[in-house]
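Chemist: Take this structure first; my questions come after.
The values are calculated or read from the model by the stated rules, or taken from the named source; none is laboratory data. Keep in mind it's a predicted model, so treat the numbers as computed, not measured. Backbone-built Cβ (ideal geometry, glycine too); neighbour counts: all protein chains shown. SASA here: full protein model, heavy atoms, side chains in, ligands and nucleic acids out. Shrake-Rupley method; radii C 1.70, N 1.55, O 1.52, S 1.80 Å.
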Amino acid sequence: MSFIDHLEALRWHIIRAAIAVVLFALVAFFSKDFLFHDLILGPSRADFWTYRMFCRAGEWLHAPSLCIDKIGFVIQNREMSGQLTMHISTSFIVGLVLGFPYLFWELWRFIKPGLYPHERQNSQGAVFFVSVLFAIGLLFGYYIAAPMSIQFLANYVVDPTIENQMDMQSYISTLTTMSLSCAFVFELPMIVFFLAKAGLITPEIMRVYRKHAIVVILVIAAVITPPDVSAQIIVTIPIILLYELSINIARVVSRGRTAALNAQLAENHGVA
C-alpha cells in the first residue's frame, strides 16, 4: 500500500471508532439519572459502596474512625449553562471509556497487517488484556482512589468557620482524573510485554532499576492523589505489585526469545 492508501485506511478506522464513541456517548446522555445520580455523584454520598466497606472494616478492626458516615461538602453549579455543558462533556467522557476496547481494536486492526507473522503470533489477545487491565484500573480508581481523594479534599479545612461548597466541574474533574489515571497506569504490564517482545527491556534491567522505579511510582501516586499519606499508600501498593508482575512477564518473554533464538541457531547449524 502507498502512503495515501495507509492514510485512507487509517481514516476509516478513525471514523468507525468515532461513531462508536458517539453512540456510547448518546446512550450515556439519555441515561442522565443513572449517569449522574448513581455513577458520578455516588462518591459524594455517605451510602457509597466504598464508604460502607470502610465502616464495616472499622467495626471489624474496632476502629470507628475509619467509618465515613457523613459528607462534609455541598456540590453547587455557579454557571447558567453549567449543568448542560457538564452533561454533554461527561457523556462524551463516558463514551470514550465505554468505547475504549473498540478504539484499541480499531487501532490494532490498522497496525496488525504491518506486523511479521511471528509478531502477530506473539501479540495474540492484546486487545483482550489491554481492555481487562483498563477496566480493572478504572474500577480501582473509581472505587478506591477517587473516593479517598474526594473525602480528604472535602474534609480538609483551615478554619471550621469556612464551609466547603464544591463547584460541580471541580468535583467531576477530580473524579474523572483519578479514575482515568489509574486506568492507564494499570496498563503497565502490557507496555512491558510489548517492550520485552521488541527486545527493548529485560527483567534484569527492571530488577537493577527497581529502586528507581519505586521512586517514580511514589511520584506518580503523589501526582494523582491528594497530599494524604493513606491515599498515596493505597495507590502505590498496587502499582508496585504491577511492576513486580511486569518483571515476571518480561522474564517469561525473555525465556521465549532465548528459546526461539536457540532453535533457530540449531536449525541453521543443521542445514549447514
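Chemist: Please go through the range 85-106 and give me each residue that is closer than 25 Å to Phe48 by Cα and either of a type in the set (A, V, I, L, M) or part of a loop (DSSP other than H, G, I, E, B) (or both), ordered by number.
Modeler: Result: Met86, Ile88, Ile93, Val94, Leu96, Val97, Leu98.
Chemist: While we're looking at this one, here's another question. Specify the residue that is nearest to Ala28 (Cα to Cα); the eligible residues are those in the range 62-97 that are open to solvent by 100 Å² or more (accessible area, probe 1.4 Å) and not hydrophobic (A, V, I, L, M, F, W, C).
Modeler: We begin by selecting, within the range 62-97, every residue open to solvent by 100 Å² or more (accessible area, probe 1.4 Å); these are 62, 64-65, 69-70, 78-80, 83-84, 92.
When the remaining residues are screened for being not hydrophobic (A, V, I, L, M, F, W, C), the result is 62, 64-65, 69-70, 78-79, 83.
Working: His62: 41, Pro64: 38, Ser65: 37, Asp69: 30, Lys70: 29, Arg78: 23, Glu79: 22, Gln83: 15 Å.
Restricting to residues being open to solvent by 100 Å² or more (accessible area, probe 1.4 Å) and not hydrophobic (A, V, I, L, M, F, W, C), the top hit is Gln83.
Chemist: Any chance the range 151-170 includes a residue that's open to solvent by 70 Å² or more (accessible area, probe 1.4 Å), assigned to a helix (DSSP H, G or I) and farther than 22 Å from Arg45 by Cα?
Modeler: Scanning the range 151-170 turns up no residue that is open to solvent by 70 Å² or more (accessible area, probe 1.4 Å), assigned to a helix (DSSP H, G or I) and farther than 22 Å from Arg45 by Cα.
Chemist: Right, another one. Residues to consider are Ala28, Ala9, Ala17, Ala46; find the one that is without any contact (Cβ under 8 Å) to a residue 40 or more places away in the chain and either among the β-branched types (Val, Ile, Thr) or open to solvent by less than 50 Å² (accessible area, probe 1.4 Å) (or both). Break it down into steps so the answer makes sense when it comes.
Modeler: Values: Ala28 fails: without any contact (Cβ under 8 Å) to a residue 40 or more places away in the chain; Ala9 fails: without any contact (Cβ under 8 Å) to a residue 40 or more places away in the chain; Ala17 fails: without any contact (Cβ under 8 Å) to a residue 40 or more places away in the chain.
Going through Ala28, Ala9, Ala17, Ala46 in turn, the sole match is Ala46.
Chemist: Something else about it: Based on what the data block shows, is Tyr102 open to solvent by 40 Å² or more (accessible area, probe 1.4 Å), in contact with a Phe, Trp or Tyr (Cβ under 8 Å, 6 or more places away or on another chain) and aromatic (Phe, Trp, Tyr)? Working first, answer last.
Modeler: Working: open to solvent by 40 Å² or more (accessible area, probe 1.4 Å): yes; in contact with a Phe, Trp or Tyr (Cβ under 8 Å, 6 or more places away or on another chain): no; aromatic (Phe, Trp, Tyr): yes.
The answer is no for Tyr102.
Chemist: Now for a separate question. Name the residue, out of Arg207, Arg255, that is charged (D, E, K, R), in contact (Cβ under 8 Å) with a residue 40 or more places away in the chain, over 22 Å from Ile68 (Cα atoms) and in a helix (DSSP H, G or I).
Modeler: Arg207
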